[in-house]
Amino acid sequence: MLVVTILLAAVGAMIVLSARADRRFRAIDRLPMQWTLTGAVSWHAPRAVALAFTPVLGTILIMVIGAMALWVPPRAGQEGLVLPVLLAIAAGMVAIHALHIWMIGRWAKARH
């Protein structure tokens, strides 16, 4: 049950971030998806795709790892690491999504 709670919390946080970003960037049809090391935008995607990509990817990743946590027994000595790893991955996906939205915000400010 804790695995499902972690999944729902992470996915819910990413959905809230995307919904707020969608309102914030509603005037922009295409948002950046990737940047080069120099800070230039490599490619753009439609706003809905750009804001849904990370939540969908994160949901799939957390579901796969959560399923493994439920159905694949951990190796000896690693029993206590399953939930911390799942929490770290879930928090990492939320942080990556927040970073992406923050970078979009900087890009949007710079172009106006």
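The values are calculated or read from the model by the stated rules, or taken from the named source; none is laboratory data. Just so it is clear, the structure is predicted and the values come from calculations on it, not from any experiment. Positions of Cβ are generated from backbone atoms using ideal geometry, with glycine treated the same way; all protein chains shown enter the neighbour counts. Each accessible area value is taken on the protein alone, full model and side chains, heavy atoms only, with ligands, DNA and RNA left out. Shrake-Rupley method; radii C 1.70, N 1.55, O 1.52, S 1.80 Å.
For V82, the requirement of being at pLDDT below 90 and in a helix (DSSP H, G or I) is met. Candidates in the stretch 62-79 are the residues that are surrounded by 16 or more Cβ atoms within 10 Å (Cβ to Cβ) and either hydrophobic (A, V, I, L, M, F, W, C) or free of Cβ contacts under 8 Å to residues at least 12 places away in the same chain (or both); of these, the one that is nearest to M1 (Cα to Cα) is A69. Scanning the stretch 97-112 for residues that are without any contact (Cβ under 8 Å) to a residue 60 or more places away in the chain and either over 12 Å from A21 (Cα atoms) or open to solvent by less than 100 Å² (accessible area, probe 1.4 Å) (or both) returns L99, H100, R106, K109, A110, R111, H112.
Checking the stretch 28-41 against the condition returns no match, with no residue being free of Cβ contacts under 8 Å to residues at least 40 places away in the same chain, surrounded by 11 or more Cβ atoms within 10 Å (Cβ to Cβ) and out of contact with any strand residue (DSSP E or B) (no Cβ under 8 Å at 6 or more places or on another chain).
Annotation for the stretch 4-11: at least one member residue is in contact with a Leu (Cβ under 6 Å, 6 or more places away or on another chain) and either surrounded by 12 or more Cβ atoms within 10 Å (Cβ to Cβ) or over 30 Å from P84 (Cα atoms) (or both).
Taking the stretch 42-61, which residues are under 13 Å from the mean Cα position of the chain (by Cα) and open to solvent by less than 60 Å² (accessible area, probe 1.4 Å)? Scanning the stretch 42-61 gives A50, L51, A52, T54, P55, G58, T59. Does the stretch 80-96 hold any residues that are in contact (Cβ under 8 Å) with a residue 12 or more places away in the chain and under 18 Å from the mean Cα position of the chain (by Cα), and which are they? Within the stretch 80-96, V85, L86, L87, I89, A90, A91, M93, V94, I96 meet the criteria.
Residues in the stretch 12-27 that are open to solvent by less than 70 Å² (accessible area, probe 1.4 Å) and either touching a residue at least 60 places away in the same chain (Cβ under 8 Å) or closer than 25 Å to H112 by Cβ (or both): 8 in all.
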